[in-house]
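See below for the structure under consideration.
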Amino acid sequence: LKDYSEIRDVIGEIDASEISWINFAAHSNNSLLVNLPEEKFLQDFDVNFRLNFEATQILLPKMIASKFGRFIFISSSRALKGDIGTFSYSCGKRASGVLQEQIVKEYSRFGITANTLSLGFYDTNLWNNLKESVKKRLLQNTPTGKLSDSTCIAPTIELLIQHPTINNNVIKLDDGFQ
């Protein structure tokens with residue numbers, strides 16, 4: 001789905017008493033700021049932030065009515081720290097962090113929580129599209145020196161859904177990325 005009216009329609013059809021929004025979508029054009037065309041910036045920002053924004057606006061009334069809601073935004077330690085060539089990717093992921101803080105301030109009283117998982121490097125399309133020299137440099141910034149184990153992601157998401165006291169956190173699953 002790339003058309004936001006289509007996305008609004010699909011999300012709008014959700015009818016459940018306990019809604020959890022978990023968005024793994026990510027896109028990065030990996031370009032130096034001076035070489036970044038506006039359309040590439042907007043493409044990254046749309047995927048990395050706008051989808052979360054649109055979903056939040058649609059889902060909040062349903063979550064308020066049911067007095068339950070979970071927003072789990074997926075980011076990366078690379079996006080949150082910033083890195084060469086990641087400006088548009090980082091902007092979208094960091095904007096989702098601001099959205100998280102607003103959700104917590106405005107809607108926690110309705111049983112709604114928002115957290116971010118800050119992931120390390122996993123075997124994904126984003127990782128596979130990086131140059132080998134970049135991969136090598138990034139892995140040198142992790143104590144293990146290897147890709148992260150994805151088996152920790154699902155149990156962490158389950159924990160965030162089940163425990164309403166975990167709220168407004170950035171939980172790092174990044175093997176200690178520096």
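The values are calculated or read from the model by the stated rules, or taken from the named source; none is laboratory data. Here the structure is a predicted model, which means the values were calculated and not measured. Backbone-built Cβ (ideal geometry, glycine too); neighbour counts: all protein chains shown. Accessible surface areas use protein heavy atoms only, side chains included; no ligands, DNA or RNA. Shrake-Rupley method; radii C 1.70, N 1.55, O 1.52, S 1.80 Å.
Centroid-to-centroid, using Cα positions, segment 113-144 and segment 9-65 are 21 Å apart.
Simple rule: put +1 on each Lys or Arg Cβ and -1 on each Asp or Glu Cβ in the chain, find the dipole, and look at ASN48, SER31, ILE58; the Cα lying farthest toward the positive end is SER31. Normalised by 2.2 N^0.38 Å, where N counts its residues, the alpha-carbon radius of gyration of the chain equals 1.06.
Hey, can you list the DSSP H helices of the chain whose Cα span along the axis is 15 Å or longer and whose average Kyte-Doolittle score is at least 0.5? Helix filter hits for the chain: 51-66. Under 5 Å from the amide H of TRP21 lie the amide H atoms of ARG70, PHE71, ILE72, each residue being 5 or more positions distant or on a separate chain, with H modelled from the backbone and absent for Pro and chain starts. Sorted largest first by accessible area at a 1.4 angstrom probe radius, with every protein chain in place, the residues THR156, THR151 fall in the order THR151, THR156. Cα extents for segment 87-176 along the principal axes, largest to smallest and rounded to whole angstrom: 47, 28, 21. For segment 1-91, applying the loop criterion from DSSP together with a ceiling of 15 other beta carbons within 10 Å to the trypsin sites (Lys or Arg not before Pro) yields LYS2, LYS67. By the Cα gyration tensor, segment 57-130 has an equivalent ellipsoid whose semi-axes, rounded to whole angstrom, run 29, 12, 9 from largest to smallest. Under a model in which nothing but the beta-carbon of Lys, Arg (+1) and Asp, Glu (-1) is charged, segment 8-165 shows a dipole of about 540 debye around its Cα centre.
Dividing the mean sequence gap of close Cα pairs (under 8 Å, 6+ apart) by how many residues the chain holds gives a relative contact order of 24 percent.
Around the amide H of SER76, modelled in the peptide plane, lie the amide H atoms of LEU119, all under 5 Å away and 5 or more residues distant in sequence or on another chain. Hey, what D do you get for segment 1-77 in µm²/s if you plug the Kirkwood alpha-carbon radius into Stokes-Einstein at 20 °C and 1.002 mPa s? After rounding, the answer is 154 µm²/s.
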